[in-house]
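What follows is a single structure, written as structure tokens, with notes after it.
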Amino acid sequence: MRVPVPVIRSDAHLAHDGLIEFLNGTPVPCFESPARAVAIERALAADPTFVFEEPTDHGLDPILALHDPGLVTTLAEAWDDALATGMTDGLRPLLPDAFLTAAYADGHPTSRPGRSHRLWSYAFDTATPLVGGTYHAARVAVDAALTAVDRVHAGAPLAYALCRPPGHHAGPAMYGGYCFFNNAAIAAQALVARGASRVVILDIDYHHGNGSQQLFYRRDDVLYLSLHADPERAYPYYSGTADERGAGAGEGLNRNWPLPERADGPRYLAALDEALTVARDFAPDAPLIISAGFDTFHADPIADLALQTDDYRAIGAAARDLGLATVVIQEGGYAIDALGANVISLLDGLRGA
Ligand code: SP5
Ligand code: ZN
């Protein structure tokens, strides 16, 4: 049954074109490109059961519920500041050259620099370029996630937010991994704000969602479940092991399934089955949030798992068995030619088609 699926999309992302990132010290074309969302949209547009809608403006409050105001203002102002100081000629993206790491901060006073290099103090990698359209695109991506939540609240069993930039690497006071604001986490927080006390985020992106884990690590109202490439070999390297299980009130409410190289559909679905058992035991009282990355695809250019297009349908079908309304938030996925088919496969599984 192909129930209509609201697809929340906007053209705002087109002006977020970072152009380059650093991969092992070498500048390469940025994998996270506008062509990704364009390809997804084109594929969905061929099927009239995907109903395109624009995001509505939800303002800053839902972002500030999770992110440090300094991060938000800095992202908002960085491009104009850089133009004013000549740090960019307006064509080159902003990428950091020094980080405010925990080790740097240890044992002596540190400060967020004023204007010119303040942005760097919130960055955690050299692969997340910021350009003139980035802040607006990131705001609209959050609005897309929140509009998808609205649709589900209005009775849709399934809604898809075509977020770009993605979000799951963004933490309270940190951006990176192509992510600026944590769209999925903000959607989960919006459910809490509407009265939910047990929300599940299921993260199926190839990479560990370090930002989502960090945001909810000590909380008992959001269960974060992530299947991803083992950080022993894969970005973001510093989080995502199975023994990171939450702390304090959130003890037991963060679970990671690190996966081996070339893990295929059956291997993946076995881990997913464990994750869904944890989700059921939590007895969620709100719609499911899925952080949906498709960089688990066998042909992804920056990843090494081995899922096929039909595997996403099986993932969707398994998640559908939770019996929850579901909000799908677009995260990564860089095999552009296959992205549309993979998104449709997941959404079809989720709607029982
Ligand atoms: C949202 C999302 O998927 N973010 C991922 C950011 C990954 N950025 C750095 C990737 C480093 C990849 N190493 C690739 C080896 C390619 N052969
Ligand atoms: Zn990813």
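Below is a table of values for the structure above.
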quantity: Dipole in debye (nearest 20) - segment 207-324, about Cα centre, beta carbon charges: Lys, Arg +1; Asp, Glu -1; calculated: 160
quantity: Exposure rank, largest accessible area first [F52, F282; 1.4 Å]; calculated: F52, F282
quantity: Computed [θ] at 222 nm, deg cm²/dmol, the chain (DSSP H ≥ 4; -39,500 (n - 2.57); rounded to nearest 500); calculated: -10500 deg cm²/dmol
quantity: Selection of chymotrypsin sites (Phe, Trp or Tyr not before Pro), segment 68-115, meeting DSSP coil and at most 16 other Cβ within 10 Å; calculated: F99
quantity: Added length on full extension, which subtracts the Cα-Cα distance from 0.36 nm per residue, A65 to A154; calculated: 29.8 nm
quantity: P(r) of segment 29-114 over all Cα-Cα pairs, binned every 5 Å from zero, in whole percent; calculated: 2, 9, 11, 13, 16, 18, 13, 8, 5, 3, 1, 0
quantity: Most fluctuating residue given options G195, G293, G176, as computed from a GNM of the chain linking Cα atoms under 10 Å; calculated: G195
quantity: Residue among A123, F31, N183 farthest towards the positive dipole end of the chain, charges placed on Cβ; calculated: N183
quantity: Choice from Y206, Y237, Y135 with maximal GNM fluctuation in the chain (Cα, 10 Å cutoff); calculated: Y237
quantity: Pair R42, A103: separation of 7 Å Cα→Cβ label points (nm); calculated: 4.5
quantity: Principal-axis tilt of helix 34-45 within the chain, Cα atoms, nearest 10 degrees; calculated: 20
quantity: Mean Cβ count within 10 Å, highest first, over the residues of peptides 260-269, 210-219, 160-169, 117-126; calculated: 160-169, 210-219, 117-126, 260-269
quantity: Using alpha-carbon coordinates, inclination of helix 265-282 to the longest axis of the chain, degrees; calculated: 90
quantity: Assigned charges on the beta-carbon of Lys, Arg, Asp, Glu; segment 1-150 dipole about Cα centre (debye); calculated: 200
quantity: Principal-axis tilt of helix 134-153 within the chain, Cα atoms, nearest 10 degrees; calculated: 20
quantity: Accessible solvent surface per residue of the chain, calculated while the other protein chains remain in place, 1.4 angstrom probe, Å²; calculated: 38
quantity: Size of electric dipole in the chain: Cβ of Lys, Arg +1 and of Asp, Glu -1, about Cα centre, debye, nearest 20; calculated: 440
quantity: Farthest positive-ward along segment 231-325 dipole, Cα basis, beta-carbon charges - from P260, A317, L305; calculated: A317
quantity: Segments 300-307, 142-149, 19-26 sorted - mean Cβ within 10 Å per residue, highest first; calculated: 142-149, 300-307, 19-26
quantity: Neighbourhood charge, 14 Å Cβ-Cβ cut-off, centred on D150 and excluding it, Lys, Arg +1 and Asp, Glu -1; calculated: -2
quantity: Given charges at Cβ of Lys, Arg, Asp, Glu: segment 26-153 dipole, positive-most of L75, P48, V149; calculated: L75
quantity: Additional length obtainable on full extension of the chain from D285 to A299, 0.36 nm per residue less Cα span; calculated: 1.4 nm
quantity: Antiparallel content of DSSP bridges confined to the chain, in %, to 5; calculated: 20
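The values are calculated or read from the model by the stated rules, or taken from the named source; none is laboratory data. Only a predicted model underlies this, so the values are computations on that prediction, with no experimental measurement involved. Neighbour counts are summed over all protein chains in view; Cβ atoms, including those assigned to glycine, are modelled from backbone coordinates with ideal geometry. Please note that ligands, DNA and RNA were not included when accessible areas were found on the heavy atoms of the full protein model with its side chains. Shrake-Rupley method; radii C 1.70, N 1.55, O 1.52, S 1.80 Å.
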